[in-house]
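Enquirer: The structure's right below; bear with me while I get my questions together.
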Amino acid sequence: MGRQKKYSVKMAVRILLELGLKRYVLEQINLAAKEENRARAEGNEPTEPTDFIKDMRKKSRKMGLPPIV
């Protein structure tokens, strides 16, 4: 067996927070994309994405997250 890496509580919390934030960003962007698609399907003009959504999209690209649905 290989040597096990020991994590401090601080490092473990940091890793979990990063993973949670990435998941949150993806969920919010996907919700916004679904809303845009629904509006288009109903023949309505989709609303302009909020600055928050725009920033999350930009940061997710920089973080190398998987493509957004």
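The values are calculated or read from the model by the stated rules, or taken from the named source; none is laboratory data. The structure presented is a predicted model; accordingly, all values stated were derived computationally and were not measured. No Cβ is skipped: glycine too gets one built from the backbone with ideal geometry, and neighbour counts run over all protein chains shown. Surface areas here come from the heavy atoms of the whole protein model, side chains and all, with no ligands, DNA or RNA. Shrake-Rupley method; radii C 1.70, N 1.55, O 1.52, S 1.80 Å.
Enquirer: Looking only at residues in the range 2-31 that are among the basic types (K, R) and over 17 Å from D55 (Cα atoms), which one is modelled with the lowest pLDDT? It would help to see each step written out before you state the result.
Expert: First, the residues of the range 2-31 that are among the basic types (K, R): 3, 5-6, 10, 14, 22-23.
After this cut, where a residue has to be over 17 Å from D55 (Cα atoms) as well, the list is 3, 5-6, 10, 14.
Values: R3: 66, K5: 79, K6: 84, K10: 91, R14: 89.
The qualifying residue modelled with the lowest pLDDT is R3.
Enquirer: Moving on to the next point. Looking at A12, A32, which is the one that is touching a helix residue (DSSP H, G or I) at 6+ places or on another chain (Cβ under 7 Å) and either over 22 Å from K62 (Cβ atoms) or without any contact (Cβ under 8 Å) to a residue 40 or more places away in the chain (or both)?
Expert: Details: A12 fails: touching a helix residue (DSSP H, G or I) at 6+ places or on another chain (Cβ under 7 Å).
One residue alone meets the criteria, A32.
Enquirer: Right, next: Of everything in the range 19-46 that's at negative phi and not in a helix (DSSP H, G or I), which residue is least open to solvent (accessible area, probe 1.4 Å)? Steps first, answer last, please.
Expert: Here is the first cut: in the range 19-46, the ones at negative phi are 19-42, 44-46.
From what's left, not in a helix (DSSP H, G or I): 42, 44-46.
Working: E42: 108, N44: 84, E45: 158, P46: 25 Å².
Applying the filter and picking the extreme gives P46.
Enquirer: Next question, about the same structure. Give me the pairs: first residue in the range 39-51 and closer than 20 Å to Q28 by Cα and of a type in the set (D, E, K, R), second residue part of a loop (DSSP other than H, G, I, E, B) and open to solvent by less than 70 Å² (accessible area, probe 1.4 Å), beta-carbon distance under 7 Å, and six or more apart or on different chains, which are they?
Expert: Partner pairs satisfying both residue conditions: R40/P46.
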